[in-house]
Amino acid sequence: MLRYICTSLLLFALSWTAFGQDYTQSGSERERQNIEGKEGTPLKKKEKIPYPDKKKGTELGIDISRFLIPVFDEDRFALEAGVRSNLGKRTFFAGTLGSETVSFDDKSYTYESTGFFVRAGIDYDIFVVDEKGNNDNILIGLRYGYALQEHEAGSLTIDEDYWGDYTSSISPYTLNTHWVEAVFGLRSEVLNNFYMSWMIRIKAKISSGNSEILEAYTVPGFGNGSNDFNLGFSYVLGYQIPWGNKKK
């Protein structure tokens, strides 16, 4: 089969060369035309496509992926809403506000946490397309995140057959966490001024106060409290309130 394909390609190349040759011209004439073609007008450089006039405005959105958390972890419940607004033609301010609660009892350990988080940063659109009416974005950006939560361990039990079980508890106290994020995502206008977007988030913890007393099962907005790095995902549905657009 491969031999047949290679042979066919070779025959096609030879046939193209034979029929494409102009036998009405002398060899010197063909040579002169080839030289003129090489020394003629230089090829034009490919023109750079300018960034198009995409819609500007302020988008209000909700992260619907938060509603899926209880499907994978029934002990957690979270909500998250955000705002995105143009700072320039291709730069955006992006901010989110959310909350998260955790509660579980696995017999030897009971834990409860409730808190909120904020994120704020800048996105930059790298999607340049020569298509009228295309308002989609490919975004890269940075975020600063902060979470404040109150958590407690109502009971801690360490099983010990020889000395007997040890039982203790940790009273409620406040824990604050700081982190930064690098984000990458796609944003698309599915209906007039209605957008869907998803983002991948790489999160790096900066600091976490009082975590030595009790390590957080999960930090609101950040994820696993025992990790210095976490990977996150968002899927947002939003409506953009237009402003600053040129009338056409």
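Read-outs throughout are calculated quantities, based only on the coordinates presented, and are distinct from any laboratory measurement. All of these numbers come straight from a predicted model, not from anything done at the bench. Counting neighbours? That spans all protein chains shown, and the Cβs are built from the backbone with ideal geometry, glycine included.
Before moving on, here are some points about what is shown:
- Taking a Cβ cut-off of under 12 Å around residue 208, the surrounding Lys, Arg, Asp and Glu residues balance to a net charge of -2, with basic ones at +1 and acidic ones at -1.
- Loop-resident GluC sites (Glu not before Pro) (DSSP state other than H, G, I, E or B) in region 104-161 with no more than 10 further Cβ atoms inside 10 Å of their Cβ: 131, 160.
- Net charge, residue 230 excluded, C-beta distance under 9 Å - Lys, Arg +1, Asp, Glu -1: +2
- Quarter of Cα convex hull surface for region 186-248, i.e. mean projection, nm²: 6.6 nm²
- Total formal charge among the other residues, if their Cβ is under 10 angstrom from that of residue 66, Lys/Arg +1 and Asp/Glu -1: -2
- With semi-axes defined as the square roots of five times the eigenvalues of the C-alpha gyration tensor, the equivalent ellipsoid of region 57-242 measures 40, 15, 12 Å, largest first.
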